[in-house]
Amino acid sequence: MLLALAVITVGVALRQIDRVYFARRPRAAGATELIALQRTRANNLTPLLLLAGQWVQIIGWWMLAAHGLLFAAAAAAGVAVHFRHLQEISHFAVHGVLARTGRANQLLAELFAHHPLALGPVPVRRRRHVRDHHPNATLASDPNLAELHQAGLRPGTTGPRYAAALIHPLTPRGIRATTAGIAAGLRGPGSWHRAAVPAAMATAAYLAGGWPALVCGLLISRLLLYPQLAWMSLLVEHTWFDPEHRIGTPAQVEAGRCLRLYPRNRALAFLAAATWLPYGDLYHYAHSAHPSVRWNYLPALEAHLAPPHFTPDGLLLGTTTVARRHHRALHAPASKATSPATV
């Protein structure tokens, strides 16, 4: 057990190198200043160490899983969080701001996230996310909105169906969708190595922690827990079903269709940023306004922007929650809610 904890500690230390390297930043600044600053610090080494640190920690969790049921359950949760982190780090690679060069961004995203998690080719994700989602967020042509509709978040959705849609990846329908997505990812260009990397990862999990690591630290994490964390993140990116369509600067437009979770609760904001909203995802409004800003500088950018139109204090629990707003919007008159027929 001590060896497993030591491995996790080494992984944590590796991850901090990138954070320390980009740590010096103004309290508040505009996008132009921050982009100029991040360009002076752009490099390929610290992102490599950051991603390597994530996988070193994952190996440590796999080793820990062999020490009993409680540790296996902890490994399932811990590895799922790291998978979520890998997804979000690779998201910034898709935007071209993780590493210094475009080639390094794509290589790091493929090697450390897309191949092992069977996420499909990076160029496909870039096209879907950068070209199709960002300019069209909350509009009928947004692929993310279509995904929400397909999961059951449609106008008039009943209480039980709405509740099931909030935990869609944990439902039989959601598990089938996750499995189908993995299968599609393995069939992409270069299918032999896209299949070989997850197979090698399964072998590594078994060698590190036996069946508990393979089942809890890999299969349950990848098929159930990580998809649910990613789904929760999607739910809190935008006021999907009742945005305020504004005109003006990118920040003014995004302020009408984005939200900012936990603006007044630092403890919950810290917990979210450490688990299911990592690497700038808590600052999705600032990211949507200026996608070329690296996550390290999003807090400074957010402080420079006017707040978005919705600042809830929770996803499910609280006086003003995202779940409650989505539910109310889906039960609004047809003229105010997004119709599934338009998707």
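Nothing in this text is a laboratory measurement; each read-out follows from the coordinates by a stated rule. Treat the numbers as computed from the prediction; the structure is a model and nothing was measured. A quick note on method: Cβ atoms are made from the backbone with ideal geometry, for glycine too, and the neighbour counts reach across all protein chains shown.
Quick notes on this structure:
- Within the range 98-136, the set of residues being more than 23 Å from residue 226 (Cβ to Cβ) and either hydroxyl-bearing (Ser, Thr, Tyr) or surrounded by 21 or more Cβ atoms within 10 Å (Cβ to Cβ) (or both) comprises 99, 101.
- Those residues of the range 257-283 which are without any contact (Cβ under 8 Å) to a residue 60 or more places away in the chain and in contact with a Gly (Cβ under 9 Å, 6 or more places away or on another chain), in sequence order: 262, 265, 268, 273
- Selected residue [over 20 Å from the mean Cα position of the chain (by Cα), in contact (Cβ under 8 Å) with a residue 24 or more places away in the chain and either part of a helix (DSSP H, G or I) or under 22 Å from residue 133 (Cβ atoms) (or both)] from 323, 300, 332: 300
- For the range 244-272, a residue qualifies if it is surrounded by fewer than 18 Cβ atoms within 10 Å (Cβ to Cβ) and in a helix (DSSP H, G or I), and the qualifying residues are 250, 252, 266, 267, 268, 269, 270, 271.
- Residue 154 meets the conditions (1) part of a helix (DSSP H, G or I); (2) crowded, with 18+ Cβ neighbours inside 10 Å in every case but one. The failed one is (1).
- Residue within the range 232-240 that is in contact (Cβ under 8 Å) with a residue 24 or more places away in the chain and at positive phi present: no
- Screening residue 90 with (1) without any contact (Cβ under 8 Å) to a residue 12 or more places away in the chain; (2) within 27 Å of residue 194 (Cβ to Cβ); (3) of a type in the set (Gly, Ala, Ser) gives one miss only, at (1).
- Residues of the range 157-178 that are assigned to a helix (DSSP H, G or I) and exposed (fewer than 12 other Cβ atoms within 10 Å of the Cβ): 159, 160, 172, 176.
- Residue satisfying all of: in the range 203-243; among the β-branched types (Val, Ile, Thr) and outside any helix (DSSP H, G or I); farthest from residue 156 (Cα to Cα) among these: 236
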